[in-house]
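The values are calculated or read from the model by the stated rules, or taken from the named source; none is laboratory data. Predicted, not measured: the structure shown is a model, and the values here were computed from it. Every residue, glycine among them, receives a Cβ derived from its backbone with ideal geometry; neighbour counts consider all protein chains shown.
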Amino acid sequence: MKILLPLLLTLSFLALVHAGPEKKRYIVYAEFQQDTMVDLSDGSKWAMDKGDCFPIYMYKEHQTKVVLQLGAATFWTDATRVRVMNPDETDKAVVSYQKNLQNYLHATKLRPARTREAMSRCPSNHPGHGRDRPSSRPHSDSNR
């Protein structure tokens, strides 16, 4: 009897979890109405073209700003610059977003290599500069 009650509760819980229909993720897309420069949350700057579509992440400031998503990064723009797309336009939005996502992923994959290359050409990274340069301050041992 002591085992029967927990067993029944466990079985009823599992039945409830599996009984419901599979939930479909609902995504609302926004389409840019004009060319716009944006700052992504990863620090990069991107030029969004008229017609580019992105998933809406959230609204800010009494819905005057819209936060859009590009991969793991987010960015915001004025809500007047975008148009919320109808559900029947989702196919068009997905194609546009996938194209932009591929461009973004390709650019972020190359960014560390570009950064390393630029840093190697930077004069401040040559020996005798920055951390490699001997300090002009006396060491704490020589102050005694």
So which residues in segment 35-44 are part of a strand (DSSP E or B) and charged (D, E, K, R)?
-> ASP39
Restricting attention to segment 45-64, which residues are of a type outside the set (Phe, Trp, Tyr), part of a strand (DSSP E or B) and either touching a helix residue (DSSP H, G or I) at 6+ places or on another chain (Cβ under 9 Å) or surrounded by fewer than 15 Cβ atoms within 10 Å (Cβ to Cβ) (or both)?
-> LYS45, ALA47, MET48, CYS53, PRO55, MET58, LYS60
Filter segment 65-91 down to residues that are part of a strand (DSSP E or B) and of a type in the set (D, E, K, R) and give me whichever is surrounded by the fewest Cβ atoms within 10 Å (Cβ to Cβ).
-> ASP78
Quick one: is LYS45 in contact with a Phe, Trp or Tyr (Cβ under 9 Å, 6 or more places away or on another chain), at pLDDT 75 or above and either charged (D, E, K, R) or farther than 26 Å from THR108 by Cβ (or both)?
-> no
Taking segment 106-131 and the residues there that are under 20 Å from the mean Cα position of the chain (by Cα) and surrounded by 12 or more Cβ atoms within 10 Å (Cβ to Cβ), the one that is modelled with the lowest pLDDT would be ARG111
